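The values are calculated or read from the model by the stated rules, or taken from the named source; none is laboratory data. Since the model is a prediction, treat every value here as computed from it, not as a measurement. Don't worry about glycine lacking a Cβ; one is built from the backbone with ideal geometry, like all the others, and counts go over all protein chains shown. The area values use the complete protein model at the heavy-atom level, side chains included, leaving out ligands, DNA and RNA. Shrake-Rupley method; radii C 1.70, N 1.55, O 1.52, S 1.80 Å.
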Amino acid sequence: MSLQSEIKRITAPDLRARKGGEPIVSLTSYHAHTAGLLDRFCDMILVGDSLGMVMHGLPSTVPVTLEMMILQGLAVMRGSSRALVTVDMPFGSYEESPQQAFRSASRIVKETGCGAVKLEGGVLMAETVAFLTRRGIPVIGHIGMTPQSINTFGSFRARGRDEADWPEIEADARAIAQAGASAIVIEAVAEPLAAKITGDIDVPTIGIGASNACDGQVLVLEDMLGLSPWVPKFVKRYADLGPAIASAVEAYADEVRSRAFPAKEHTYPKKQAKT
């Protein structure tokens, strides 16, 4: 039996059971090689629709397609063996009806082999979350600042800083939890609101710009590695790889132009004739 076959993947029920326990560690990944690097450290790898902005230079996540998510989800599954892989459902693939959502989600799960899907929305999506979970598709919710609603919000701004806005966001969290979500991502909300929601619902909360009061955290990998040109306030840069990559490429370009690369040790010699 191979070592990989002995490794048990974390499942959505495993994640749900972490409520109130050791914090859940999550990062995004869109490639097999980064998934392999993350796998031993992360409980969940999120194949986020942020790939539209990070990989394709799109202005928002709205143009991302189902096919894009499936392609990158499959790559992440190939590169990982331990973490729960959750794939975002892109804008337009689930909002119309629970039936549309099931068709989209079942394609994602069947074609990638991932362990859960994630969708944005609160009260309005509760029926859809319940519909999916009753039919065998684990769901991670996403409330607060929901990037797919950028055209409605008008900007990527934090939510819940005014206490008058709390009841709506709290209702969203309760509705998604009661509908059967395995966990809920809370994005860019005021710290006391995130703490209140975390204490009020019985499923784990995973914060992104929602304080360490949550049951876990998620960040976009490229943001925390210093590969993104701009990052939100809530991101801590754990490395600054952008300048390092630029410096390496500059050195390569200089050596190619000066013919210093490839050197003798990087080339293949001719075989010696047999005598």
- Under 9 Å by Cβ, and 6 or more places apart or on different chains, what pairs join a residue from the stretch 261-275 that is assigned to a loop (DSSP other than H, G, I, E, B) with one that is open to solvent by 100 Å² or more (accessible area, probe 1.4 Å)? Phe261/Tyr252
- Can you tell me which residue in the stretch 197-242 is farthest from Ile24 (Cα to Cα), limited to those that are charged (D, E, K, R) and open to solvent by 40 Å² or more (accessible area, probe 1.4 Å)? Asp240
- Query: Any idea which residue in the stretch 220-239 is nearest to Ala171 (Cα to Cα), counting only those that are touching a Lys or Arg at 6+ places or on another chain (Cβ under 8 Å) and of a type in the set (A, V, I, L, M)?
  - Reply: Val231
- Task: Pull up the stretch 22-42, narrow it to residues that are surrounded by 20 or more Cβ atoms within 10 Å (Cβ to Cβ) and of a type outside the set (Ser, Thr, Tyr), then point me to the one that is farthest from Ala75 (Cα to Cα).
- Result: Ile24
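Per-residue answers, yes or no, for (1) over 19 Å from Pro147 (Cα atoms); (2) of a type in the set (S, T, N, Q):
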site: Arg78; (1), (2): yes, no
site: Val87; (1), (2): no, no
site: Phe91; (1), (2): no, no
site: Phe102; (1), (2): yes, no
site: Ser106; (1), (2): yes, yes
site: Gly113; (1), (2): yes, no
site: Val123; (1), (2): no, no
site: Glu127; (1), (2): yes, no
site: Leu132; (1), (2): yes, no
- Task: Output the residue which, of all residues in the stretch 153-184 that are modelled with pLDDT of 95 or more and touching a Leu at 6+ places or on another chain (Cβ under 7 Å), is most open to solvent (accessible area, probe 1.4 Å).
- Result: Trp166
- Task: For the stretch 129-149, name all the residues that are open to solvent by 10 Å² or more (accessible area, probe 1.4 Å), part of a helix (DSSP H, G or I) and at pLDDT 95 or above.
- Result: Ala130, Phe131, Thr133, Arg134
- the stretch 97-128: number of residues that are out of contact with any Pro (no Cβ under 9 Å at 6 or more places or on another chain), part of a helix (DSSP H, G or I) and buried (at least 24 other Cβ atoms within 10 Å of the Cβ): 4
